[in-house]
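One structure below.
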Amino acid sequence: MRRFRLPGKTRLKPANDPTPAPFGAFAPNAAQAAIISLAQRSRLKRGAFRPMLSRLVNLLRAGPLDVPYQGASFRLYHQASATERGALFNPDYNLEELDFLRAHSPEGGVFVDVGANVGTYALALARHVGADGKVIAIEPHPVTHARLKFNREASGATQVTLVAAAAGPADGELVIETDGDNLGASRIVSGQSSGNAIRVPALRLQRILEEAGVSQVDALKIDVEGFEDRVLTGFFKEAPPSLWPRAVVIEHLSRNEWLEDCIADMRARGYVEAGRTRSNTLLVKS
């Protein structure tokens, strides 16, 4: 297969280089930019078309792409990450959830992102809460965490604190199994696992917040692929109400894997449902 190169460009460092090229080195070339723009302005931005578009863009030049998203700077490895494809091709990706979180996160406020992935929520909210605000981005997978860190630095988001651990019911370790076709869908497993499993540190959410110097949380988003109940149920039992987030976005796509209905538990603690999208339930504390 012939690879196309931008004229006048020197050979770029590999994407997994420990000292990556600066942001902008992987800017889309003219053909890639045209495809991305077409997708963003049409029905092609929808999820069903994004894998095909990703393959097409990758044929024009293999590797990641450096692009803006929701006011932040991202190096997107779109080939094996549904989240990164969404951010690349759809300017409205997760927009309803983001607008809900922004509405409940004032300037100077605190936002917590449990399962931060590459930062599509954390960095968008960092821009919203401003330099005097605080964002806690929790992401345990080492590859994804490295991408999150790069995106934070490219965006100049110094108000974002990164936590390289999984939020869990207890301090210790957990096992993460990676989906080879979608790195962002890596999940915590117990018992028998595949060869793609790795061990990562685990910390209670309350401990993470206390060590970050957080005494109140304006908004929280959690997406940990069916482990949401293990993170939240213990947190609400043990943490003081002053630490409970005022607004929550929780992914419900894997709720059949919950051991306890953590949304029902939150309702019993005074939360009410403010909305629902295909993937997430939106809750506010009454």
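The values are calculated or read from the model by the stated rules, or taken from the named source; none is laboratory data. Here the structure is a predicted model, which means the values were calculated and not measured. Using ideal geometry, Cβ is built from the backbone for each residue, glycine included, and neighbour counts are taken over all protein chains shown.
If you go through region 77-102 and keep only what is free of Cβ contacts under 8 Å to residues at least 24 places away in the same chain and of a type outside the set (D, E, K, R), you end up with just 95. Within the option set 243, 232, being touching an Asp or Glu at 6+ places or on another chain (Cβ under 8 Å), under 23 Å from residue 275 (Cα atoms) and not acidic (Asp, Glu) holds for one residue only, 232. Restricted to strands (runs of 3 or more DSSP E) entirely inside region 38-151, those with at least 2 residues that are surrounded by fewer than 24 Cβ atoms within 10 Å (Cβ to Cβ) are 65-69, 72-76. Restricting attention to region 98-114, the residues that are within 16 Å of the chain's Cα centre (by Cα) and within 24 Å of residue 165 (Cα to Cα) add up to 6.
Of the residues 119, 168, 133, the single one that is in the same structural domain as residue 222 (by TED's automatic domain parsing), touching a helix residue (DSSP H, G or I) at 6+ places or on another chain (Cβ under 9 Å) and under 18 Å from residue 87 (Cα atoms) is 119.
Yes or no, residue by residue, for (1) β-branched (Val, Ile, Thr); (2) modelled with pLDDT of 95 or more; (3) touching a Ser or Thr at 6+ places or on another chain (Cβ under 6 Å):
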position	(1), (2), (3)
10	yes, no, no
17	no, no, no
25	no, yes, no
33	no, yes, no
66	no, yes, no
71	no, yes, no
74	no, yes, no
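The criterion of being part of a loop (DSSP other than H, G, I, E, B) and of a type in the set (Gly, Ala, Ser) does not hold for residue 167. Mind listing just one residue for me: the one in region 248-283 that is surrounded by 13 or more Cβ atoms within 10 Å (Cβ to Cβ) and in contact with a Lys or Arg (Cβ under 7 Å, 6 or more places away or on another chain) and, of those, farthest from residue 103 (Cα to Cα)? If we take residues in region 248-283 being surrounded by 13 or more Cβ atoms within 10 Å (Cβ to Cβ) and in contact with a Lys or Arg (Cβ under 7 Å, 6 or more places away or on another chain), then 271 is farthest from residue 103 (Cα to Cα). Number of residues in region 40-50 that are closer than 11 Å to residue 86 by Cβ and not charged (D, E, K, R) equals 1.
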